[in-house]
Amino acid sequence: MIGGGIAVALAAACCYELAYVVQALETRRAGGGAQIEATLLGRLLRRPRWVAGTALSGVGAVLQIWALTLAPLTVVQPTLALGLVLLLVLSATVLGERVGRREWVGVAAIVVGVVLVALTASPAVGMAGDPLPVVVLVALLAVPMLLPFALRSVSDARLRVLAAAAGDALAAIGLKLVADATGQGSWGLVVVFAAGAALAGVLALTAEMSALQRTAATRVAPVVLAGQVLVPAVAGPLAFDEQWSRTTLGGVVLALALLVVAAGAALLGASAAVADVIAGDERGDGADRRGRRPDQPEHDVGGERKPREHGDG
């Protein structure tokens, strides 16, 4: 069963990453970025390619739910990081980026980490027993996810990056709850949890795309990607009764494997080769190899840069 879960999660990862490329590109073209705006989502909904990318992301979510019925969250979530390898391939073949030592180390870390997770994790699919840990976890993630939307006048990109990481983690937990409710035949809960996961995903995407319009992808992606791997995986034993203590060395090897996957994801996210794809940058508009225009120097997260303005074409 765990092998089937990994295979389905890999298919979900491919859907997610391809969808992300389309969504990022269309968000760049939509313009904006001075504030985190509700109107941004409205503009994107009028762009057919963004809607198509979102639909593909929905396919990925369905596959992820399926994977979560076959394998534990601890295994499925890090497996999704393998989709970054597809982004690296797209970067090298479409954008002509050079694949260097950083990229190869990142790929190796993700692959080795996922293999270790698959070999050491318990194959048992855990479920939430006591709802209190789930409620607490959801609340802890919802606060940073909603913060930049509540403080729209605050332009600090760090809030948006944190919101994106928290929202992605919350969406993954929501999909885990959908998978559990599906297995129990609780269709009302399936609808509620699916709606919550979709909302978290949309808010996370809006926050991340807004951050990418003001801050270099090489600063945004490592935080978001590492959070996507670690937070939902750690939620496995904390909220879903996944038995880390019964794995090799009482869970130590499994925890180290997850850290290796997260480190590999962060390395690839900080790479110019992958960052250009993540940011949805196009060539031919005066950008350099890292997707920056001459008048847009790269800044650390929390700094600001003049947002790009694209037409609808």
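A Cβ distance below 6 Å, combined with a sequence gap of six or more or placement on separate chains, defines the contacts here; from the range 115-131, residues that are crowded, with 19+ Cβ neighbours inside 10 Å and assigned to a helix (DSSP H, G or I) reach residues that are modelled with pLDDT under 90 and not small (Gly, Ala, Ser) in the pairs Thr120/Thr247; Thr120/Thr248.
Tell me, which residue of the range 202-239 that is in contact with a Ser or Thr (Cβ under 8 Å, 6 or more places away or on another chain) and either at pLDDT 90 or above or charged (D, E, K, R) (or both) is surrounded by the fewest Cβ atoms within 10 Å (Cβ to Cβ)? The selected residue is Pro237. Scanning the range 225-279 for residues that are more than 13 Å from the chain's Cα centre (by Cα) and β-branched (Val, Ile, Thr) turns up Val234, Thr247, Thr248, Val252, Val253, Val260, Val261, Val274, Val277. Taking the listed residues Val89, Val62, the one that is within 20 Å of the chain's Cα centre (by Cα) and modelled with pLDDT of 90 or more is Val62, with no other qualifying. Within the range 134-166, can you find the residues that are in contact (Cβ under 8 Å) with a residue 60 or more places away in the chain, out of contact with any strand residue (DSSP E or B) (no Cβ under 6 Å at 6 or more places or on another chain), farther than 21 Å from Gln77 by Cα and in a helix (DSSP H, G or I)? Once the filter is applied, which keeps residues that are in contact (Cβ under 8 Å) with a residue 60 or more places away in the chain, out of contact with any strand residue (DSSP E or B) (no Cβ under 6 Å at 6 or more places or on another chain), farther than 21 Å from Gln77 by Cα and in a helix (DSSP H, G or I), the range 134-166 yields Pro148, Phe149, Arg160. For beta carbons closer than 6 Å, sequence separation of 6+ or different chains, a first residue in the range 63-75 that is touching a residue at least 12 places away in the same chain (Cβ under 8 Å) and within 10 Å of Ile2 (Cα to Cα) and a second that is of a type outside the set (A, V, I, L, M) and not in a helix (DSSP H, G or I), the qualifying pairs are Pro72/Gly126; Pro72/Glu242. Going by the structure shown, is Ala179 within 30 Å of Arg158 (Cβ to Cβ) and not aromatic (Phe, Trp, Tyr)? For Ala179, the condition - within 30 Å of Arg158 (Cβ to Cβ) and not aromatic (Phe, Trp, Tyr) - is not met. Evaluation of Asp156 against the conditions (1) acidic (Asp, Glu); (2) closer than 17 Å to Leu68 by Cβ; (3) surrounded by fewer than 24 Cβ atoms within 10 Å (Cβ to Cβ) shows that the sole unmet condition is (2).
Is at least one residue of the range 167-184 in contact with a strand residue (DSSP E or B) (Cβ under 8 Å, 6 or more places away or on another chain) and surrounded by fewer than 24 Cβ atoms within 10 Å (Cβ to Cβ)? Checked against the condition, which is being in contact with a strand residue (DSSP E or B) (Cβ under 8 Å, 6 or more places away or on another chain) and surrounded by fewer than 24 Cβ atoms within 10 Å (Cβ to Cβ), the range 167-184 yields no hits at all.
To keep it simple, each residue is scored yes or no on (1) closer than 24 Å to Val261 by Cβ; (2) over 15 Å from the mean Cα position of the chain (by Cα); (3) not β-branched (Val, Ile, Thr).
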| position | (1), (2), (3) |
| --- | --- |
| Thr69 | yes, yes, no |
| Val76 | yes, no, no |
| Arg102 | yes, yes, yes |
| Val107 | yes, yes, no |
| Ala118 | yes, yes, yes |
| Pro131 | no, yes, yes |
| Leu137 | yes, yes, yes |
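Looking at the range 177-224, which of its residues are more than 18 Å from the chain's Cα centre (by Cα) and farther than 30 Å from Ala128 by Cβ? Across the range 177-224, the qualifying residue is only Arg214. Among the numbered conditions (1) touching a residue at least 12 places away in the same chain (Cβ under 8 Å); (2) of a type in the set (Val, Ile, Thr); (3) under 22 Å from Ala263 (Cβ atoms); (4) surrounded by fewer than 24 Cβ atoms within 10 Å (Cβ to Cβ), the only one that Val89 does not meet is (1).
The values are calculated or read from the model by the stated rules, or taken from the named source; none is laboratory data. The shown structure was predicted, so the numbers you read here are calculated from the model rather than taken from an experiment. Here the Cβ is made from the backbone with ideal geometry for all residues, glycine too, and neighbour counts use every protein chain on show.
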